[in-house]
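The values are calculated or read from the model by the stated rules, or taken from the named source; none is laboratory data. Quick caveat: nothing in here was measured; it's all calculated off a predicted structure. Here the Cβ positions follow ideal geometry from the backbone for every residue, glycine too, while neighbour counts run over all protein chains shown.
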Amino acid sequence: MDPWIEEAAAEIGRRAPRELEALVAVSSPSGDVHGANECGSVCAALVPDEAAVERVPCSSPAHADDLVARLRGTGTRRVLLLGHVDTVVAHAQHKPLVRAGEQLVGSGTVDMKGGVILSIGALRAFARRPELYAELALLLVCDEEWRTAPFGHVERFAGFDACLCFEAGEMAGSDEGVVVRRKAAGTIRVQGHGRSAHSGSAPDRGRNALLALATAAQAIAAHHDPGGPARLTAVPTVLRSGDAFNVVPGAGELFCDLRADELDAIEAVLEHIPAEVGGARLEAELIRRWPGMHSELATAPLLERASAALGRRVTAAARGGASDASHFAATIPITVDGLGPRGGKAHNPEEFVLEASLRPRAEVALAVILAALTAD
């Protein structure tokens with residue numbers, strides 16, 4: 001292993017548990033302005049003094065500003081480090097960090113505050129090597145988990161040589177895995193417009209929006225085919241309808257999460273949702289469109305150089321979950337994700353990071369960043 005990587009990763013690994021504890025202590029569900037600003041303050045305190053920190057408009061309206069930290073150097077290449085500080089966990093269910101054996105358990109640990117901490121540690125390490133880059137930037141957004149607006153940062157980092165995202169890491173057999181392929185993601189929203197009526201004395205005068213939406217949910221789920229040519233997953237996730245137990249529901253809405261290799265497979269599902277069921281009208285739209293990420297060929301030389309610097313194999317992997325890295329991949333071909341620590345149970349009350357993975361995954365991140373900065 002490159003001696004500098006070994007030394008810098010050891011420092012990151014020593015500091016990471018306490019820094020992760022501080023960041024996880026802040027409850028920051030998507031859309032919560034106070035929580036996002038508190039996370040921004042913690043992160044701004046942890047980045048190197050040499051970094052210029054600014055808050056820039058978030059892609060989603062009514063959200064706190066996102067954070068950008070920039071290091072300027074005397075080299076020639078520009079590399080973006082990417083992460084998010086929002087979680088899917090509501091304030092009432094938030095859990096601060098606790099140790100449970102080898103696990104660091106807490107809300108947002110693996111998705112993705114653990115990765116944020118490693119990205120900040122990497123920024124500190126490279127602050128001492130400004131000769132390697134013209135610019136090394138860190139972007140932390142606060143709306144990744146529930147964004148339906150277009151992503152607003154692609155133009156800001158146009159012309160960068162690489163984008164490196166710190167979502168959770170993994171092993172690829174006995175090798176260190178990083179993500180170079182992701183599915184496209186989409187969210188279908190279906191609104192049901194029926195007619196309310198007394199469910200006891202006049203049920204047939206109503207038009208049941210709940211039943212119509214349930215039919216729509218089944219129509220969407222019928223296209224679930226993860227083993228098919230598009231690798232499409234179609235999962236109804238949220239259904240809201242009705243206000244009282246004795247009233248025919250006159251309105252409601254359904255949300256479904258879909259993933260596929262390309263967006264067109266997701267958009268095609270819209271055509272199979274009925275416009276009317278039992279007299280209730282249905283309106284369906286795709287409110288969230290995230291492109292797929294296909295960086296296998298472009299990143300192969302980078303991973304070879306990173307493996308040489310690391311002294312062990314860094315292997316390309318694919319993942320079904322979406323990430324903001326996908327938004328950059330179309331304009332920054334050298335895009336790599338999955339540089340965060342290993343863990344599990346994302347979006348779950350028992351979400352965790354493996355403490356023993358912090359230092360080795362810091363080594364991987366430093367090796368990949370170094371490879372991106374020293375390309376021929």
Only residues that are more than 29 Å from R305 (Cα to Cα) and touching a Phe, Trp or Tyr at 6+ places or on another chain (Cβ under 9 Å): list them for region 1-32, please.
P29, S30, G31
From the option list A64, A122, A69, single residue qualifying as assigned by TED's automatic domain parsing to the domain that holds V364, among the small types (G, A, S), part of a helix (DSSP H, G or I) and buried (at least 23 other Cβ atoms within 10 Å of the Cβ) is A122
Any residue at all in region 191-206 that is in a strand (DSSP E or B), in contact with a Gly (Cβ under 7 Å, 6 or more places away or on another chain), farther than 30 Å from A316 by Cα and not basic (K, R)?
yes
Within region 112-166, the count of residues that are within 11 Å of the chain's Cα centre (by Cα) and β-branched (V, I, T) comes to 1
Can you confirm whether E363 is over 22 Å from E144 (Cα atoms), loosely packed, with under 15 Cβ neighbours inside 10 Å and touching a residue at least 24 places away in the same chain (Cβ under 8 Å)?
no
Only one of (1) crowded, with 24+ Cβ neighbours inside 10 Å; (2) in contact with a helix residue (DSSP H, G or I) (Cβ under 6 Å, 6 or more places away or on another chain) fails for L97. Which number is that?
(1)
So A202 passes all but one of these: (1) under 35 Å from the mean Cα position of the chain (by Cα); (2) exposed (fewer than 15 other Cβ atoms within 10 Å of the Cβ). Which condition number does it fail?
(1)
Is region 244-265 home to any residue that is loosely packed, with under 15 Cβ neighbours inside 10 Å, more than 26 Å from V88 (Cβ to Cβ), in the same structural domain as D66 (by TED's automatic domain parsing) and within 25 Å of the chain's Cα centre (by Cα)?
no
